[in-house]
Amino acid sequence: MKKKKFSTYNLIGDDMKKLFQIIGIISLMGISFFYTEKTINVVKEYDDIMISIKNNRKYNKKYMNAIVDKDTIIPGRSGIEINIDKSYSRMKRYGKYNESLIVLKKIKPKISINNNKKYIISGNKYIKNISLIFIVNDDIDDIINILDNKKIKGNFFVNTNWLEKNTNLIPLLIREKHIVGLYDYSNYEWSRNIIKKIGKQKYDYCYVDKRNSKILNKCDYTFIPSMNINKNFYEKTKLLQNGSIISYNVNKQLIEELPIIINYIKSKGYNIVSLKELFNE
């Protein structure tokens, strides 16, 4: 009796058949999953909850790109949209449409101060925020007391000499949500490290009266003030507008007039904010 011979070809053929069978099963599963998912999505679109979510437009706010003009920039504003999928999931679990369960998402501007190394010359022109800058050469206790009493945040720009004498004050200012920045760059790296490492301030802020490309490239935020006021503080402050960055040289006259200045600014409907908030998009 002859033994049946099995060729390599026959073995490969059987393996190929099994492979094709497996591929066929996987393909059918994939097609089934695709159409099941598609059916679920179609059903979801006609769900009353989904329709109500999509018809709700009152939370949507379009983003605004930053305004760029050569080497200057004015911050834009993030937009807001309803996160449809997350809102739907929450309401579906609840069993019906409920506006309190809406989930919002932030839409960042495509052109931003965070991806453009340029001189910031103002806050957003459509928001009634302004920021007060104090150029520090001497004691600032009176300024801090006035700001604390008025419950507002300021921005203190210092030189290397002042920073060396008042290093212990930096963490306190930053902890109270004031901004500490530089206007003197004679020892920039040392000063920057004091503010960031000892003060624990995430970003460094740099003040310049005129263009300085070295500082612009190094610093996180470099700005040129809208107004630089050395005297007649109250009268000149009246020229403010949305987004103004107003710089004051700290002296006795400013200390006397600052409470009146703050009252005037607030009476015109402006919010006095730190540079961090003014630049926030």
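Some points to look at:
- Residue within region 167-177 that is in a loop (DSSP other than H, G, I, E, B) and surrounded by 17 or more Cβ atoms within 10 Å (Cβ to Cβ) present: no
- Taking (1) in contact (Cβ under 8 Å) with a residue 40 or more places away in the chain; (2) open to solvent by 70 Å² or more (accessible area, probe 1.4 Å) in turn, PRO109 satisfies each apart from (2).
- Close pairs (7 angstrom Cβ cut-off, 6 or more residues apart or separate chains): among the small types (Gly, Ala, Ser) in region 154-177, at pLDDT 95 or above and not in a helix (DSSP H, G or I) anywhere: GLY154/LEU132; GLY154/PHE134; GLY154/HIS178
- PHE279 falls short on exactly one of the conditions (1) in contact with a Leu (Cβ under 7 Å, 6 or more places away or on another chain); (2) among the hydrophobic types (A, V, I, L, M, F, W, C); (3) closer than 16 Å to ASN155 by Cβ; (4) touching a residue at least 24 places away in the same chain (Cβ under 8 Å), and that condition is (1).
- Of all residues in region 71-114 being β-branched (Val, Ile, Thr) and closer than 26 Å to ASN242 by Cβ, the one that is nearest to the chain's Cα centre (by Cα): ILE113
- Subset of region 179-189 (residues that are surrounded by 22 or more Cβ atoms within 10 Å (Cβ to Cβ) and touching a Ser or Thr at 6+ places or on another chain (Cβ under 8 Å)): ILE179, LEU182
- Total residues in region 47-70, condition within 23 Å of the chain's Cα centre (by Cα) and open to solvent by 50 Å² or more (accessible area, probe 1.4 Å): 11
- Residue that is out of contact with any helix residue (DSSP H, G or I) (no Cβ under 7 Å at 6 or more places or on another chain), within 22 Å of SER191 (Cα to Cα) and not charged (D, E, K, R), where the choices are ASN115, ASN161, ASN155, ASN137: ASN161
- Number of positions in region 123-135 that are outside any strand (DSSP E or B) and surrounded by fewer than 20 Cβ atoms within 10 Å (Cβ to Cβ): 4
- Subset tally (residues that are outside any strand (DSSP E or B) and either farther than 30 Å from LYS117 by Cα or of a type in the set (Lys, Arg) (or both)) for region 67-92: 11
The values are calculated or read from the model by the stated rules, or taken from the named source; none is laboratory data. Quick caveat, the model's predicted, so the values are computed rather than measured. Virtual Cβ from ideal backbone geometry, glycine too; neighbours counted across all protein chains shown. We work out accessible area using only protein heavy atoms, side chains counted, and drop any ligands, DNA or RNA first. Shrake-Rupley method; radii C 1.70, N 1.55, O 1.52, S 1.80 Å.
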